Structure formats: C-alpha cells, structure tokens
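Engineer: Dropping a structure here in structure tokens format, bear with me for questions.
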C-alpha cells in the first residue's frame, strides 16, 4: 500500500527549556533510545535527528539542547543555544514543550514568543509529563498554558500568532505512546508532499559513535548525580564488531584534575559503576554483548575552546550543516 500512496516528508523541531522532556519524547517517537536522558540540564548538547515512519509519512524530528539564558560567555553554552534556535529555519512544524510539573511557565514566555516570531511553520504547544500530575491538579498547569498562549498571541502580532495551533495545549506524555496520537495526526496533516529523505530503516543521521557517546554520557549524568561536573564529555574512539561481541573504547573528558577524581571515585568505584551501567545500555542498543573500555582524561577548560567543543560535542559540525 505504501508504494501507491503519495509520500510526505518534513522536519519537526522539538524545542523547550532544559528538562522539558525533549529527548525522552524523541526516543519514544523513534522507538529506540538515540538521545541521552537525565534530570540534569545539558544532557542534550547537539542537534539530534530521529526518524519516524508512519504509513506514507517520514517524520524527521529534531531534538535540540534546552533553550537557556547564559550569564557567562562559555563557548559550549553559546553553541548549544545556537543549535537550538537554528532548527527553526528548517522546520515544517515546531513542537514546544512545557513541563507540567513546573510551578511557573514565566521563564518560558519570552522564549515562546521568540519561537512564534522566528518560526516559518505551525507551532504546537505541548504540556508534557502529564502522567506525573494527578488529574485534579492538572487543571492548574493547563489554565496557565492557556493564559500564556493568549498573552503571547496578543504580543507577537497577527502573523506570528496565526502560527500557533489551537487555543489549548496538547496534553502528552513521552512515556505514553497513545497520548502522542493527536499531535502526530496534526503534524502529518501539515507536512509537505515530498519523497523521503532517508532510507526506510534509518533511525537517525548520527553515527554509531555519536549515539554510543550519548548513551555513555547519560549514565555519567545518572551515576554521578549532584557530584557530576557539568563540563564532562564523552568521545568514542573505536567501535569494533567482533563475532558475538562489540568492543568499544571511549574517553571521558573533564575540564579539571579534581573532576577526574570525582568520575573515578574512591578505589575506582564510580567509574566501575558507570561502566557497568553504560555497558548494559549499549547492550540494549546493539542487542548483544558489549565490551566497554573507559578512560578518564583532563582537557583543561575545553568548554571555552571551539575546537574541543567541535570534537567532543559536535556542535561546530551542526553549525556548518545549518549554515549559521
């Protein structure tokens, strides 16, 4: 049937502040974990594309770093913000996420208005993580969303206001696939007729090394918790597919010598825990045995070095792709 139907294809940008649930949503939409997820800001640093096929439609979802204000002029933070905003020029639809557990959406208001003004496509405002809020309590964030939508439409002018889809937020949960059916239907209607841009069995345009580094870094965020140095990166050096096992060598990069001690832990306890959990995550990804070798190294102040940011976070590559 698919061969006889007109194909549709387009990009959908997923935007929002840190921890709004963008990467979890991407993983659910794609059906496999390709983006790291944790409760820490900066889990996502570069633009990640996830591919979903539904009947005759190829949806190209663009997960972005969380939009945030930067006080210090740090190269990493600046490039992360540019990565987030850059997708608007390419998007055929935009999904802006709000966290239903947040007590106030005021920090989102200016960002949301900027999205409406800058986007060239329909914008869907989605209230995410609704599964974590009791039904009797959910009315409050819904009402606050509606107020924000109305206020934004008044301030951005009629042309930008017309990009907003509806007067009420879409209620979704990245953990409940059935809650995504409505937004997927709305997105499908708005995507252009176009040949598919990627083979039918592709899930992302990122390399295996990039996906593996994301999965390892996710476990670093989870294992180290409050001790985690935010200026931590992971670089996968080699992936070797041997019969019955995948062998991976990776570097964990920190910006200071004392951070290396935090990652390694007393007697190597932390790096062993991190390595074990990362290996389990990688085995789920590859659906087979994985041997993971981790080494921790120091690259002083790498977050302020554009060359290091390019190498470890792949943000400069993204910059070139989008012609910023």
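Engineer: Which of the residues that make up the stretch 272-289 are loosely packed, with under 14 Cβ neighbours inside 10 Å and in contact (Cβ under 8 Å) with a residue 40 or more places away in the chain?
Structural biologist: 284, 288, 289
Engineer: Filter the stretch 56-114 for residues that are within 29 Å of residue 143 (Cβ to Cβ), at pLDDT 85 or above and either assigned to a strand (DSSP E or B) or outside the structural domain of residue 25 (by TED's automatic domain parsing) (or both) and give the result.
Structural biologist: 61, 93, 94, 95, 96, 97, 98, 99
Engineer: Give the residue that is farthest from residue 232 (Cα to Cα), with candidates limited to residues of the stretch 286-304 that are in contact with a helix residue (DSSP H, G or I) (Cβ under 6 Å, 6 or more places away or on another chain) and in a helix (DSSP H, G or I).
Structural biologist: Filtering first and then ranking leaves 304.
Engineer: Quick test for you: out of 214, 193, 227, pick the one residue that is modelled with pLDDT under 90, loosely packed, with under 14 Cβ neighbours inside 10 Å and either within 29 Å of residue 119 (Cβ to Cβ) or touching a helix residue (DSSP H, G or I) at 6+ places or on another chain (Cβ under 8 Å) (or both).
Structural biologist: On inspection, the qualifying residue turns out to be 227.
Engineer: While we're looking at this one, here's another question. Quick check: is even one residue across the stretch 136-150 in contact with a strand residue (DSSP E or B) (Cβ under 7 Å, 6 or more places away or on another chain), over 18 Å from residue 100 (Cα atoms), assigned to a helix (DSSP H, G or I) and at pLDDT 95 or above?
Structural biologist: Among the residues of the stretch 136-150, not one is in contact with a strand residue (DSSP E or B) (Cβ under 7 Å, 6 or more places away or on another chain), over 18 Å from residue 100 (Cα atoms), assigned to a helix (DSSP H, G or I) and at pLDDT 95 or above, which makes the answer no.
Engineer: Same structure, new question: Name the residues in the stretch 88-109 that are surrounded by 17 or more Cβ atoms within 10 Å (Cβ to Cβ) and within 14 Å of residue 20 (Cα to Cα), would you?
Structural biologist: Passing the criteria: 95, 96, 97, 98, 99, 100, 102, 105, 108.
Engineer: Would you point out the residue of the stretch 202-211, among those that are in a loop (DSSP other than H, G, I, E, B) and at pLDDT 85 or above, that is farthest from the chain's Cα centre (by Cα)?
Structural biologist: Filtering first and then ranking leaves 202.
Engineer: Restricting the first residue to the stretch 151-167 and requiring it to be on the phi < 0 side of the Ramachandran plot, which pairs with a second residue that is in a loop (DSSP other than H, G, I, E, B) and buried (at least 18 other Cβ atoms within 10 Å of the Cβ) meet a Cβ separation below 6 Å and a spacing of at least six or different chains?
Structural biologist: 163/119; 163/122; 165/122
Engineer: Test each condition in (1) under 26 Å from residue 53 (Cα atoms); (2) not in a helix (DSSP H, G or I) for residue 188 and report the one that comes out false.
Structural biologist: For residue 188, the failing item is (2).
The values are calculated or read from the model by the stated rules, or taken from the named source; none is laboratory data. Remember, it's a predicted structure, so these values are computed and weren't measured experimentally. Positions of Cβ are generated from backbone atoms using ideal geometry, with glycine treated the same way; all protein chains shown enter the neighbour counts.
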